[in-house]
Structures are given as C-alpha cells and as structure tokens.
1. With springs connecting C-alpha atoms under 10 Å apart, model the chain as a Gaussian network and identify which of Leu79, Leu56, Leu39 has the largest mean-square fluctuation.
2. Between region 59-73 and region 35-52, what is the C-alpha centre distance in whole Å?
3. In a Gaussian network model over the chain where Cα atoms closer than 10 Å are linked, find which of Lys51, Lys14, Lys28 has the largest mean-square fluctuation.
4. Using Cα positions and a limit of under 17 Å, work out the lysines in reach of Lys7, with same-chain residues fewer than 8 apart set aside.
5. Averaging the inverse of every distinct alpha carbon separation and then flipping it gives the Kirkwood radius. What is it for the chain, in angstrom units?
6. Have a look at Leu61, Val82, Ile95 and report the one farthest towards the positive end of the charge dipole of region 49-97, computed about the Cα centre with Cβ charges (Lys/Arg +1, Asp/Glu -1).
7. Hey, could you get me the Stokes-Einstein D for region 28-75, Kirkwood radius over alpha-carbon pairs, 10 °C and 1.306 mPa s, rounded to whole µm² s⁻¹?
8. Can you tell me, using C-alpha contacts under 8 Å and at least 6 residues apart, the relative contact order of the chain as a whole percent?
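Coordinate-derived values only; no laboratory data. Fair warning: this is a prediction, and the values are worked out from it, not measured in the lab. Cβ sites come from the backbone with ideal geometry, for glycine too, and all protein chains shown count toward neighbours.
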Amino acid sequence: MVSFESKLMEVGVKEDGSKIMTIGVQVKSIESDKTVGALVYNPTHPDADEKGYVRLPNVNLTHEMVDMIAASRSYEANLQVVRTAKQMAQQALRIGK
C-alpha cells in the first residue's frame, strides 16, 4: 500500500530574488500487506503443496475496484480544479481590457 503526500518544492529563483515554488506529490510511505490469501484444496494444481493445498493471492477484487474508482474520481476532481482556475485566470485577463 502506497501513501502519498503533497510537497512544496523550490524550483528556482527569479531575477528579483523571489523563489519559484511548485506543488508536487511524493511517496510518503510504502507498507506491505501482511494478510495471507485463502488456502484451497486442489491437488492437481502445479503450485499445490504436499497436502494438495494451494495458497491463493491476497488480492481482494472488490477493494481494488473501490480504490481504482476513488483514484479515478480524485483525478477527475483535480482536473476540474485546474480547468476552473484556468477559466478564472482568463476571465480576470478579460476584465482588464
């Protein structure tokens, strides 16, 4: 499981001495999922142990789909924020004309 955090980064310095700052994202932490997968009896499977059991992956498809949808919606929301900021800047420029 990867956790992210926003980070204010200094990109450079302008001629007047002021700093140029940007906002980015960096990895905050990476944690391993320690849950074990289900144990299923299938002696014909090539990965079966000596007792005929196979350890399945610990991937929960429902959880993964929820995470994927949340990430997609978050991306869409952030994209809309950028579009709105751009429109506001354009409208502000038109006011000065």
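1. Leu79
2. Measuring centre to centre over Cα atoms gives 27 Å.
3. Ranking Lys51, Lys14, Lys28 by mean-square fluctuation puts Lys14 first.
4. Lys19, Lys28
5. The Cα-based Kirkwood calculation yields 19.0 Å.
6. It is Ile95, whose Cα lies furthest towards the positive end.
7. 120
8. Across the chain, relative contact order equals 17 percent.
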